[in-house]
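Peer 1: Dropping a structure here in structure tokens format, bear with me for questions.
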Amino acid sequence: MEKSFPKNFLWGGATAANQFEGGWNSGGKGPSIIDVLTEGTKSTSRKVIRNIEDSYYYPNHRASDFYHKYEEDISLMKEMGFKLYRMSIAWTRIFPTGVETEPNEEGLLFYDRIFDLLKKNGIEPMVTLSHYESPFYLTEKYNGWENRDLIDYFVKYASVVINRYKGKVKYWLTFNEINAAVYPFGAYFALGMLDKKVVNLSDQKKYDSPQKRYQALHHQLVANAKVVQLAHEVDSENKVGCMVAITANYPYTPNPEDILECQKSWEDCNYYCGDVQVRGAYPSFAKRIWKEKNIKLAILEEDEDILKKGTVDFFSFSYYMSNCISTDPTLDAASGNLVGGAKNPYLKANDWGWQIDPAGLRYVLKELYGRYQIPLIIVENGLGAIDQLNPDLSIHDDYRIDYLKDHIISMYEAIQDGVDLMGYTPWGCIDLVSASTGEMRKRYGFIYVDVDDNGKGTFNRYKKDSFYWYKEVIGSNGSSVLK
Ligand code: BG6
């Protein structure tokens, strides 16, 4: 019998408003934390320009211009056969500063149009409520999630959109890569925290405060649980997932010290948040983390009950790479947005140093399912690469096809291993601005967007070879790559 994926498998693609939508100050939208960032590169940090001075370039302001091109984009998704489109709502389109009492109707109408069009095209939306794009005002006024008031602001925003789109959206994700908060890099992106002295984003490490970060993360975990409960109350059809950045960590050697260090990295990085969101309480190893980092969390009495009652329905995650964990500090390091680790001699990496490891995906799927026993979905995966637009407007991205194909085969094997996998939405299905570097040249899409790192270009859309390939994958429910 021909091999294929389970019936109803949710094939699709993923984007986030801040990296894709543009229209940063249109329709009453306020500035988000990403709107004050300049472009950067692999080796040059993005800068924070608090007053958004004209002399700098801000790649996310127009991004890929989905704000004006959504009709064309959704019809391209339909042509590929998408069943699911993971996207985010820009919080600042609904509450420009986060503290207004009434939502911005124009912003709400924009997403009404998107959801209606998706429905017309038979595509189910999966909506992230907060994807690295909280209102910049909340950063300036409260230092973001460090302040407990953010819980109420976020719940108010979530309540407005979950009620408004009842019947139109049933899959919700609360915080994108919530565990980014355990790394200094996540202080700004995930938590909206910014020390007044930070100019280059890379400076964050210098002013990092684990105490503040973990406290802010606690506030998000409480907000997450409240929103899960709220979504279930608004509509019993709603399904809410957590979203965690997962890296396959391997011990570099069989040295027991490396094994223990690796296990610790799984706990600290991969499991700390998911354990709370799925199981409803901090894991037993959390106390050790707090002690080691000299953290004293302010946890209110009511929080325990909130966390217990607001557990998620499914587990979503991003997966891009694996890393080796070693106790030897002299080894060569690999790269990644959140994590580093030792280079794995068996793996190749992309141009940004992210190690490519399809087998690692099968490994993490089995680990996660074994631990949580709830449906899983991969909502980000893909190859950031430099593509060449040819004079005949073709783009030959066989390297991307190879990457995705190998990951899909791994997913299939994991399903044979017993994993309940709901779907797959590769990242940046239509090219968008890179989160870490602000570059456009780091492309993930099946569709090329004609704009460069300086914002020059027509913004026209062109189908890459991977577009036709993915269309066949979806059309055959995976059979075309499983032959
Ligand atoms: C994830 C984020 O960390 O990785 C996305 O959720 C991001 O927002 C993606 O774009 C890829 O990272 P980058 O830096 O290549 O854009």
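Bear in mind that the values in this text are calculations on the coordinates, not laboratory data. All of these numbers come straight from a predicted model, not from anything done at the bench. Please note: Cβ atoms are built from the backbone with ideal geometry, for glycine as well, and neighbour counts cover all protein chains shown.
Peer 1: Roughly speaking, what is the stretch gain from residue 206 to residue 386, that is 0.36 nm per residue apart minus the C-alpha to C-alpha distance, in nm to one decimal?
Peer 2: Working it through step by step, the gained length comes to 61.7 nm.
Peer 1: So, one more: Please go through the stretch 152-194 and write out the trypsin sites (Lys or Arg not before Pro) that DSSP classes as loop and that have at most 16 other C-beta atoms within 10 Å.
Peer 2: 166, 168
Peer 1: Can you give me the long-range amide H partners of residue 381? Hydrogens built in the peptide plane at 1.01 Å from N, cutoff under 5 Å, separation of 5 or more residues or another chain.
Peer 2: 319, 427
Peer 1: Turning to a different aspect of this structure: So which chymotrypsin sites (Phe, Trp or Tyr not before Pro) in the stretch 30-119 pass both tests, a DSSP loop state and at most 13 other Cβ atoms within 10 Å of the Cβ?
Peer 2: 56, 57
Peer 1: Using a simple spin-label model with points 7 Å from Cα along the Cα→Cβ vector, what separation in nm is obtained for residue 441 and residue 371?
Peer 2: Here the answer is 3.7 nm between the modelled labels.
Peer 1: Run down the aspartates and glutamates and flag those whose C-alpha is under 17 Å from the C-alpha of residue 296, throwing out any fewer than 8 positions away in its chain.
Peer 2: Filter leaves 146, 208, 268, 304.
Peer 1: Hey, another quick one. Which of the peptides 298-310, 213-225, 250-262, 268-280 is most tightly packed, and how do the rest follow, going by the mean number of other Cβ atoms within 10 Å of each residue?
Peer 2: Per-residue Cβ counts within 10 Å, averaged per peptide and sorted highest first, yield 213-225, 268-280, 250-262, 298-310.
Peer 1: Rounded to the nearest 20 Debye, what is the dipole magnitude of the chain about its Cα centre when Lys and Arg each give +1 and Asp and Glu each give -1 at the C-beta?
Peer 2: The calculated dipole for the chain is roughly 320 debye.
Peer 1: With no solvent and one point on each alpha carbon, what is the Debye value of log10 I(q)/I(0) for the stretch 302-441 at q = 0.09 Å⁻¹?
Peer 2: Once normalised to I(0) and log-transformed, intensities are -0.35.
Peer 1: Return the calculated 222 nm mean residue ellipticity for the chain, to the nearest 500 deg cm²/dmol, obtained by summing -39500 (n - 2.57) across DSSP H runs with n ≥ 4 and dividing by the residue count.
Peer 2: On the way: 16 runs with 174 residues, N = 483.
Helix contribution divided over all residues of the chain: -11000 deg cm²/dmol.
Peer 1: Could I ask something else about it? Put a dot 7 Å past each Cα toward the Cβ at residue 454 and residue 166; how far apart are the dots in nm?
Peer 2: Here the answer is 5.2 nm between the modelled labels.
Peer 1: Let me ask another. Net charge within 14 Å of residue 183 by Cβ-Cβ distance, Lys/Arg positive one each and Asp/Glu negative one each, not counting residue 183 itself? Walk me through the intermediate numbers first.
Peer 2: Working: positive: 205, 212, 213, 293; negative: 177, 208, 268.
That works out to +1.
Peer 1: Whole percent per 10 Å bin, from 0 to the bin with the longest distance: what is P(r) over all C-alpha pairs of the stretch 65-146?
Peer 2: Cα pair-distance distribution for the stretch 65-146, in percent: 16, 43, 27, 12, 1.
Peer 1: State the extension gain, in nm to one decimal, for the chain segment bounded by residue 109 and residue 50, taking 0.36 nm per residue of separation less the distance between their alpha-carbons.
Peer 2: Gain on stretching residue 109 to residue 50: 18.4 nm.
Peer 1: Straight-line reach from residue 197: which lysines fall under 21 Å, measuring Cα to Cα and dropping same-chain residues less than 8 apart?
Peer 2: Within the straight-line cut-off, residue 197 pairs with 47, 141, 205, 206, 212.
Peer 1: So which lysines can residue 483 reach, going by Cα to Cα under 18 Å and dropping same-chain residues fewer than 8 places off?
Peer 2: 3, 7, 405, 471
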